Amino acid sequence: MNAIAVTILSIILMIGLGYFLKRIDFLSEDAIDPLNKLVMYALLPCMIFSAISTADLALLPKLGVLPLVIISSSAITGIISYFILKKLGLDDVTLWSVLVTIMIANTGFMGYPVTLGIYGQEGFLRAIFSDIATLCIFLMLSYVLVLKFGGDAKTALKKIVFFPSLWAIILGLGINFFSIPIGPVLENTIEYLGQGTIPLIMIVLGLSINFDGISRSRSMIAFTSIMKLAFFPAVAFLIASSIGLVDLQYKVSIVEAAMPSGMMSLLLAITYNLNHELTSDCILINTVTSLITLPLIIMLL
């Protein structure tokens with residue numbers, strides 16, 4: 001069995017475990033929020049810091065191209081989706097509830113385990129830089145939604161400035177560049193915490209699966225899935241090919257672009273009083289669908 005099959009099947013089993021634990025009432029959907037916070041504020045930053053602080057900084061000029069591929073792909077896909085949704089005559093709340101799920105990819109929660117499992121630490125490092133693009137897109141959409149629906153621009157900026165994963169990247173780069181020792185105890189602690197990230201992320205995804213959304217949001221789920229899982233990576237393929245990316249740079253940029261909608265889409269929907277149920281339905285169903293589309297795209301690379 002090759003690395004692609006092993007990685008995807010492992011992810012499916014971990015997601016399935018989360019769903020099974022919910023079905024037998026061992027864990028409930030009430031556990032999703034605290035577990036997400038544990039991942040977001042502790043485990044994931046440790047995982048990112050551990051990878052960045054030991055990375056070869058000579059690769060930085062090459063890695064810096066990856067966020068541009070994701071941002072450009074998101075912008076092109078988002079603009080085209082916006083005009084299609086406008087043509088369909090959707091109200092602004094519904095339109096933006098769908099649009100945020102198309103423009104924000106799950107380059108972290110799904111992207112990290114997939115790239116790590118298939119491409120190893122070198123692929124994971126490139127996934128981290130691809131995920132920087134998601135932070136930028138999140139920031140840009142926050143300001144657009146503030147202007148569109150009202151809200152506090154300072155609050156939106158504060159959420160980005162204090163985003164734990166961003167600081168994990170900054171601190172990791174600083175400690176790596178200046179060769180600052182953190183000691184074996186702290187190093188081991190960070191590494192152990194980071195190792196818990198992927199299984200917990202997958203279990204939380206399993207807990208969040210709810211197939212009731214298929215019937216109430218069928219048309220928008222279909223549209224989101226096509227634009228996010230097919231059109232978005234197709235645009236990334238054209239961009240990556242046109243600028244001459246090769247090997248891991250090329251593969252990781254397209255695989256990360258092919259990720260399903262990110263959970264930060266739901267955060268935007270809730271923060272700006274969009275139709276968060278619709279956003280949630282689109283995220284959950286195209287996450288499940290991506291377990292079919294991702295292996296196909298990876299095998300084609």
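The values are calculated or read from the model by the stated rules, or taken from the named source; none is laboratory data. In this text, all values refer to a predicted model and were calculated from it rather than measured experimentally. All Cβ positions, glycine included, derive from the backbone under ideal geometry; neighbour counts span all protein chains shown.
Miscellaneous remarks
- Count of segment 46-88 residues which are in a loop (DSSP other than H, G, I, E, B), without any contact (Cβ under 8 Å) to a residue 40 or more places away in the chain and of a type outside the set (A, V, I, L, M): 1
- Residues that are under 22 Å from Tyr272 (Cα atoms) and not hydrophobic (A, V, I, L, M, F, W, C) within segment 94-117 comprise Thr94, Ser97, Thr101, Asn106, listed in sequence order.
- Residue match in segment 239-251 (condition: out of contact with any Phe, Trp or Tyr (no Cβ under 6 Å at 6 or more places or on another chain), of a type in the set (A, V, I, L, M) and within 26 Å of Leu17 (Cα to Cα)): no
- Gly120 falls short of the stated requirement of being under 24 Å from Glu277 (Cα atoms) and either part of a loop (DSSP other than H, G, I, E, B) or at pLDDT 80 or above (or both).
- Residue within segment 255-274 that is of a type in the set (Val, Ile, Thr), more than 24 Å from Tyr19 (Cα to Cα), at pLDDT 90 or above and buried (at least 23 other Cβ atoms within 10 Å of the Cβ) present: yes
- Restricting segment 163-201 to residues that are among the hydroxyl-bearing types (Ser, Thr, Tyr) and surrounded by 13 or more Cβ atoms within 10 Å (Cβ to Cβ), the residue that is modelled with the lowest pLDDT is Ser165.
- When Phe138 is tested against (1) aromatic (Phe, Trp, Tyr); (2) assigned to a loop (DSSP other than H, G, I, E, B); (3) surrounded by fewer than 23 Cβ atoms within 10 Å (Cβ to Cβ), only condition (2) is not met.
- When segment 95-114 is filtered for residues that are at pLDDT 85 or above, assigned to a helix (DSSP H, G or I) and under 12 Å from the mean Cα position of the chain (by Cα), the ones remaining, listed by number, are Thr101, Ile102, Met103, Gly111, Val114.
- With respect to being modelled with pLDDT under 90, under 23 Å from Leu278 (Cβ atoms) and not small (Gly, Ala, Ser), Tyr19 fits the description.
- Screening the candidates Leu66, Leu90, Leu44 for the property of being crowded, with 16+ Cβ neighbours inside 10 Å, hydrophobic (A, V, I, L, M, F, W, C), modelled with pLDDT under 95 and farther than 17 Å from Ile132 by Cα yields one hit, Leu90.
- Residue in segment 278-286 that is surrounded by fewer than 22 Cβ atoms within 10 Å (Cβ to Cβ), closer than 22 Å to Asp91 by Cβ and modelled with pLDDT under 90 present: yes
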